1. Search the range 126-161 for residues being open to solvent by less than 30 Å² (accessible area, probe 1.4 Å) and small (G, A, S), and hand back the single one that is modelled with the lowest pLDDT.
2. Among the residues of the range 189-198, how many are open to solvent by less than 20 Å² (accessible area, probe 1.4 Å) and farther than 14 Å from R126 by Cβ?
3. Looking at the range 173-183, is at least one residue acidic (D, E), closer than 20 Å to K118 by Cα and either open to solvent by 40 Å² or more (accessible area, probe 1.4 Å) or at pLDDT below 95 (or both)?
4. Go through (1) open to solvent by 70 Å² or more (accessible area, probe 1.4 Å); (2) modelled with pLDDT under 65 for G323 and report which single condition fails.
5. Identify, please: which residue in the range 162-172 is open to solvent by 50 Å² or more (accessible area, probe 1.4 Å) and touching a strand residue (DSSP E or B) at 6+ places or on another chain (Cβ under 8 Å) and is, among those, nearest to G268 (Cα to Cα)?
6. Being open to solvent by less than 20 Å² (accessible area, probe 1.4 Å) and among the small types (G, A, S) is the filter here, so list the residues in the range 286-308 that pass it.
Amino acid sequence: LLPLPSHGAPAPPLIPGPGPGAPPQQLMGQGTAHPPQSQPLSGGIGGGLPLPSPVTVPSGLDSFQLYQQQPAKTSVPGVAKLLEKMEKEKAADMATDYPIINEPQGTGMFRVPETAKKPEDPKSFRISVWCLGKEIASTWLDGTALLMGSQKKSCHVIDKETSVYSQHLALVNTEKGLFLYPLGGTVTLHANRKFPFILKATRERRKQEREQEEQKGGNKEGTANGISPEDGEEEETDETALGEDAQAQNETETETVEVAPEITLHGGDKRKLLDPRESVFQLGNSPKVYFVEFVAAEREEKKRALEEKKRGAREGEKGGEQGKDREEGRGG
C-alpha cells in the first residue's frame, strides 16, 4: 500500500498495471517487462522522505541477458593459459606445503604379506617424487614394504590431494620382485619414456654423484649408483642404468617413439609386478608423479654386461693366438 500523502503534498502517481485481458509477462531471457523509466516512483514516506530511486535497467533486457553480454575472461588471448598455469602452481604449492617423506607408527589396516622380505641392499629401490617437472622428495625402500597415502600414522610417503585415500598404495619387495598393491582409489601406471625429463634428470644426478665420488678419491668397490669405471667402459654401459627406454630417448630427442598405453589399477585389484621400464605412476588426481628406480637390478645388469664384454674380449684374444699358432705351424 502507498503511504498517505502528507498535508499539502500531492499524491504520488500510480504505475499502471496490466488491464483485463492483457498478455502475461514473458519468461526470463525473453524480455521481461520493466517499469517505464520515465515514470519513477516518487512521493514521501512519513514526513515526506523520498522513495529510493529505481535501478536503471535498459528497457527489454533482464539480468540473464546482461550476464550473457559480459565478456568471458578466457576470451582474452593468453588469459586461458595464464589461468591454467596459476591453477597448476596453486596445486603444486598445496602439494608441497607439508612433509612428504614420513616415519609412520605402523602399517595401519594393511597387512604385510608373509612372502615380503627386505632388500639385500638397502639402496636397491629409490622412490622419487616429482611435481611440475621437478624432483621435490625421495626415499629408499629399506624395509619389506612402503606405503603411500594421506594418513600420516601409517604411510611413508604422504599425499594429501583430495582423491588420495588414507592408504592408497603399497610397494612390497619379495623374492619374485617388487610388487605394487592398489589399496584404494586409482593408480595410473606409465611407461618411463613418457617422462623424458625424469630420465634426463636421473642421468644428470648419477653423473654428479660419480664425479663427487671421484673427487673423494674414488671407490674401488663401486659407486652408489653402480660399478666403478674400468677402462673407460662406464660411459658405454651407463645408458643401461635406466633400461632400454632411457637409451632410446638419449639416441635422439626428435624421433617419435611409440609409448605403451597407461594402465589404471583400482583399489582391491590384484597386485602388479613392477617392470623397470614401467615404474612411473600417479595416485588418483594428484599432480605428483612417482618414479621407482631399480638401482640394484641396474647395477647387476651393468656387471653382467661388463663380464660378457670381457669374456668376449678374452675369447677373441685366445682365438687370435690359436690362429697365429696354426699359421706358424703351417709355415714350419
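The values are calculated or read from the model by the stated rules, or taken from the named source; none is laboratory data. Fair warning: this is a prediction, and the values are worked out from it, not measured in the lab. Please note: Cβ atoms are built from the backbone with ideal geometry, for glycine as well, and neighbour counts cover all protein chains shown. Keep in mind that these areas ignore ligands, DNA and RNA; they rest on the heavy atoms of the full protein, side chains included. Shrake-Rupley method; radii C 1.70, N 1.55, O 1.52, S 1.80 Å.
1. G143
2. 3
3. yes
4. (1)
5. Only one residue tops the list, namely Y165.
6. Matches in the range 286-308: S286 only.
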